[in-house]
Amino acid sequence: MTVVDVGHGSATVIVTDDGVVIVDTGPGSALLEYLTSQQLTTIHTVILSHADADHIRGLVGLLGARTVDVQEVVVNADSMQGSTTWRDLVYELDALERRAKDGGAPFTFTVGITTGYRHALGSSIELLALGPRQRLAALGVGNRDATGQEIRSNSISAVIAVDVNGSRVALLGGDLDDVGLAHLLDDASARPLRAPFLVYPHHGGHSSHRSNGADTEVFARTLAEVVEPEVAIFSTSRPPAGNIRAETVRGLLASMPRCRVVCTQLSTLCAAAVPTTAPAYLSDAYSHGRDNHTCCAGTVRLILSSGTLAPSAADHWRFIEAAAPTALCRVHRPGSAA
Amino acid sequence: MFSAELSSESPFLCSATEVGVHVLDRTITRVAVIDDVAEARAAMGWAVVDAGMEALPAEGPLNDIGSAAVDRLLSSVDAVVCDHHLAYGDYAAFSGAELVAFCYSRGLPAILSTQWEKAEIEMIRTHRAHIPVLVNPSFIAEPDHLIRALLSCVQELSGAYASSRRPWRTLVRVVDVRPSSGVVVEVPAWQGDEMIYLPTEAVPPYVGEAEVDRRFHARVNIGAARSEELFFLDWEDA
């Protein structure tokens, strides 16, 4: 399972002998570049957690490029999103489906992801949607839930669990917000939420549209308490596109002091200036921040069967100590003297 | 002996004999400096020398791009640094963008050095697919930057595109039509939100005459960071 450094956005690629599944596709050409660098030309399924442009632009690019054969797309529909990017994506999906019906390469697209959605990759790996719960999806964006909270696009962002041989290994948080988290916690069918690896929601940004730091810290604490991640991976970038919040890291480490924080790119809050060279541990896999030296961990690779993560903690920590001594993951770790 | 390691990722150590720089599989010894302002030619010439190469400031007039004078000049150098505006004093009958694109077609590394990128964006965009490097003159006054720029040119000429330059077939949607002038388009796969104006002469007739919301496919470098870098090739009439 690879969390690709796509800049500000999210794209997770799961490769097995039984096929390739992608969850979210990031922006621009980064995912295309990654797939090319890994010589991946057939994608069994693309799952879109929600309709934000930084999660779907890459799919518009993927489908248009025709360098990769995509067989199935499952979208968490959000017609309230109203973005032209969404309409363009639907245009490309529709065109592919029509071509398939006219005898072209097989292709299907399915609208709707709620708790209970399952996708098996061979006999050992299963992706499950833990959210959004059906009640939330049925109400939809723009309505209010039973507690009066407004349901937004991020509230119904799909949360995908990755299970290996029946054990939960990773949780992909999409852009889950505080309303979505509250429903996730309330929904017994979403259990268990514990997973050693967490792809943190919303790139470590604010947890609600109110952009409130205190709320963001509470969200991080709560999420960490229920997921108990050993590693939290942030698909993030430097401004102006994005920046991880200090409150996020503080809340996460307050609940899980030993949790390893892994960011794909180097936040300006961690290092005001980019290093003069890229980290030595960057693999041959594409990392969007490589050329501009904005990578922190860069593209992150997890071996699902063993739990081995690259870059290693030791290599990554050495880079942070040298290039970003005031990094959020150092400063906010309880007991840290930094 | 001048040596410079371009980047930690680059396996290529640039080195020089007395004059010249090895860039990938090429040795760049002589660099033509093309600018219609003599002082600017001289300044860029010094930058080339500081970078360990021989500068050949091109005295005008250069006339047409296909002229014997231009051919002699380009045949006698290993790379080119060129300003965009070349019309002062009838220095040349072509623009720097046109010349750099011409060099590209000949496999000759050429850098377009100009402060006019935004002001001349439409004209430059017409040739942008064949301009691997476009920089501000002050940027390549630094020897290391000049060598990096030449490396980028040589890499692209050898087929190794930077992600910001690689064109991908992608969806393009017309968002506005300016009759007899051009169209404004959006590239949904591109990471930016800006709309791009394309003059009529820069697009096929079926694009120039399209209605709003019409969609096409073209090859676009959707990895570009800035809208000024975007170029459009191989339009398809769906």
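Is it the case that the range A:235-250 has a residue that's within 21 Å of A:Ser306 (Cβ to Cβ), at pLDDT 95 or above and touching a Leu at 6+ places or on another chain (Cβ under 8 Å)? Lay out the reasoning, then the answer.
Looking only at the range A:235-250, we keep the residues that are within 21 Å of A:Ser306 (Cβ to Cβ), and these are none.
No: zero hits.
Scan the range B:45-58 and give yes if some residue there is in a loop (DSSP other than H, G, I, E, B), of a type in the set (Phe, Trp, Tyr) and out of contact with any helix residue (DSSP H, G or I) (no Cβ under 8 Å at 6 or more places or on another chain), otherwise no.
Here is the first cut: in the range B:45-58, the ones in a loop (DSSP other than H, G, I, E, B) are B:51-53, B:58.
Next, from what is left, pick out any that are of a type in the set (Phe, Trp, Tyr): none.
There is no residue in the range B:45-58 that is in a loop (DSSP other than H, G, I, E, B), of a type in the set (Phe, Trp, Tyr) and out of contact with any helix residue (DSSP H, G or I) (no Cβ under 8 Å at 6 or more places or on another chain).
Counting just the residues of the range A:290-321 that are more than 13 Å from chain B (Cβ to nearest Cβ) and among the charged types (D, E, K, R), which one comes out nearest to A:Val274 (Cα to Cα)?
A:Glu321
Does the range B:179-199 include one or more residues that are within 13 Å of the chain's Cα centre (by Cα), buried (at least 16 other Cβ atoms within 10 Å of the Cβ) and not β-branched (Val, Ile, Thr)? Step through it out loud before you land on a result.
At the first step, the residues of the range B:179-199 found to be within 13 Å of the chain's Cα centre (by Cα) are none.
No.
Quick check, is A:Ala120 among the hydrophobic types (A, V, I, L, M, F, W, C), in a strand (DSSP E or B), more than 18 Å from the chain's Cα centre (by Cα) and surrounded by 13 or more Cβ atoms within 10 Å (Cβ to Cβ)? Spell out how you get there, then give the answer.
Numbers: among the hydrophobic types (A, V, I, L, M, F, W, C): yes; in a strand (DSSP E or B): yes; more than 18 Å from the chain's Cα centre (by Cα): yes; surrounded by 13 or more Cβ atoms within 10 Å (Cβ to Cβ): yes.
Yes.
Please work out which one of (1) under 23 Å from B:Ala119 (Cβ atoms); (2) outside any strand (DSSP E or B); (3) away from every other protein chain (no Cβ under 13 Å); (4) touching a residue at least 40 places away in the same chain (Cβ under 8 Å) is the condition B:His145 fails and give its number.
Single failed check for B:His145: (4).
Determine, yes or no, whether A:Asp94 is free of Cβ contacts under 8 Å to residues at least 24 places away in the same chain and either surrounded by 19 or more Cβ atoms within 10 Å (Cβ to Cβ) or within 14 Å of chain B (Cβ to nearest Cβ) (or both). Full working, then the answer.
Working: free of Cβ contacts under 8 Å to residues at least 24 places away in the same chain: yes; either surrounded by 19 or more Cβ atoms within 10 Å (Cβ to Cβ) or within 14 Å of chain B (Cβ to nearest Cβ) (or both): yes.
Criteria met by A:Asp94.
For the list (1) within 14 Å of another protein chain (Cβ to nearest Cβ); (2) at pLDDT 95 or above; (3) part of a loop (DSSP other than H, G, I, E, B), I need the number of the one condition that B:Leu108 fails.
So B:Leu108 meets the others, but not (1).
Taking the condition of being closer than 19 Å to A:Glu150 by Cβ, in a helix (DSSP H, G or I) and free of Cβ contacts under 8 Å to residues at least 40 places away in the same chain, how many residues in the range A:187-213 meet it?
Total meeting the criteria: 0.
Does any residue in the range B:167-194 that is more than 9 Å from every other protein chain (Cβ to nearest Cβ) and charged (D, E, K, R) come within less than 8 Å, Cβ to Cβ, of a residue that is in a strand (DSSP E or B) and crowded, with 21+ Cβ neighbours inside 10 Å six or more places away or on a different chain, and which pairs are these?
From the range B:167-194, the pairs are B:Asp176/B:Val183.
For the range A:1-17, which residues satisfy the criterion of being touching a strand residue (DSSP E or B) at 6+ places or on another chain (Cβ under 7 Å) and either assigned to a strand (DSSP E or B) or of a type in the set (Ser, Thr, Tyr) (or both)?
The answer is A:Thr2, A:Val3, A:Ser10, A:Ala11, A:Thr12, A:Val13, A:Ile14, A:Thr16.
Please go through the range B:118-165 and give me each residue that is more than 13 Å from the chain's Cα centre (by Cα), over 17 Å from B:Leu24 (Cβ atoms) and crowded, with 19+ Cβ neighbours inside 10 Å, ordered by number.
B:Ile140, B:Ser163
Which residues, counting only those in the range A:34-74, are basic (Lys, Arg) and surrounded by fewer than 24 Cβ atoms within 10 Å (Cβ to Cβ)?
Of everything in the range A:34-74, just one residue is basic (Lys, Arg) and surrounded by fewer than 24 Cβ atoms within 10 Å (Cβ to Cβ), namely A:Arg66.
From A:Thr36, A:Thr42, which residue is over 19 Å from the mean Cα position of the chain (by Cα) and more than 14 Å from chain B (Cβ to nearest Cβ)?
Details: A:Thr36 fails: more than 14 Å from chain B (Cβ to nearest Cβ).
None of the others qualify; the one that does is A:Thr42.
How many residues, within the range A:49-91, are at the interface with chain B (Cβ under 8 Å from one of its Cβ atoms), over 21 Å from the mean Cα position of the chain (by Cα) and part of a helix (DSSP H, G or I)?
So the count comes out to 5.
Which residues, taken from the range B:77-102, are assigned to a helix (DSSP H, G or I) and surrounded by fewer than 24 Cβ atoms within 10 Å (Cβ to Cβ)?
Let us first name the residues in the range B:77-102 that are assigned to a helix (DSSP H, G or I), namely B:88-90, B:96-102.
Passing the criteria: B:Tyr88, B:Gly89, B:Asp90, B:Glu98, B:Ala101, B:Phe102.
Tell me the residue from A:Pro279, A:Pro240, A:Pro257, A:Pro229 that is over 23 Å from A:Val4 (Cα atoms), of a type outside the set (Lys, Arg) and in a loop (DSSP other than H, G, I, E, B), please. Explain how you work it out, then say what you get.
Details: A:Pro279 fails: over 23 Å from A:Val4 (Cα atoms); A:Pro240 fails: over 23 Å from A:Val4 (Cα atoms); A:Pro229 fails: over 23 Å from A:Val4 (Cα atoms).
Criteria check complete, one pass: A:Pro257.
Looking only at the range B:188-208, filter to residues that are hydrophobic (A, V, I, L, M, F, W, C) and part of a strand (DSSP E or B); which one of those is farthest from B:Arg178 (Cα to Cα)? Spell out how you get there, then give the answer.
Going residue by residue through the range B:188-208, those that are hydrophobic (A, V, I, L, M, F, W, C) are B:189-190, B:195-196, B:198, B:202-203, B:207.
Among the residues that remain, those that are also part of a strand (DSSP E or B) are: B:196, B:198.
Numbers: B:Ile196: 13, B:Leu198: 10 Å.
Selected residue: B:Ile196.
Working only within the range B:99-133, note down all residues that are small (Gly, Ala, Ser) and touching an Asp or Glu at 6+ places or on another chain (Cβ under 8 Å). Even if it seems obvious, please write down each step before you answer.
The first filter runs over the range B:99-133 and keeps only residues small (Gly, Ala, Ser), leaving B:101, B:105, B:107, B:110, B:113, B:119, B:129.
If the condition is that a residue be small (Gly, Ala, Ser) and touching an Asp or Glu at 6+ places or on another chain (Cβ under 8 Å), then B:Ser113 is the only one that fits.
Looking for something in contact (Cβ under 8 Å) with a residue 40 or more places away in the chain, within 9 Å of chain B (Cβ to nearest Cβ) and at negative phi - is there at least one such residue anywhere in the range A:9-26?
No; the residues of the range A:9-26 include none that is in contact (Cβ under 8 Å) with a residue 40 or more places away in the chain, within 9 Å of chain B (Cβ to nearest Cβ) and at negative phi.
Given the conditions (1) closer than 28 Å to A:Glu126 by Cα; (2) surrounded by fewer than 22 Cβ atoms within 10 Å (Cβ to Cβ), which single one is not true for A:Pro275?
So the condition that A:Pro275 fails would be (1).
Looking at the structure I just gave you, is A:Ala129 in contact (Cβ under 8 Å) with a residue 12 or more places away in the chain, in a loop (DSSP other than H, G, I, E, B) and out of contact with any helix residue (DSSP H, G or I) (no Cβ under 8 Å at 6 or more places or on another chain)?
Values: in contact (Cβ under 8 Å) with a residue 12 or more places away in the chain: yes; in a loop (DSSP other than H, G, I, E, B): no; out of contact with any helix residue (DSSP H, G or I) (no Cβ under 8 Å at 6 or more places or on another chain): yes.
The answer is no for A:Ala129.
For the range A:271-290, does any single residue satisfy the condition of being more than 19 Å from A:Glu33 (Cα to Cα) and acidic (Asp, Glu)?
Looking for residues that are more than 19 Å from A:Glu33 (Cα to Cα) and acidic (Asp, Glu), one finds none in the range A:271-290, hence no.
The values are calculated or read from the model by the stated rules, or taken from the named source; none is laboratory data. Quick caveat: nothing in here was measured; it's all calculated off a predicted structure. Note that each Cβ is placed from the backbone with ideal geometry, even for glycine, and that neighbours are counted across all protein chains shown.
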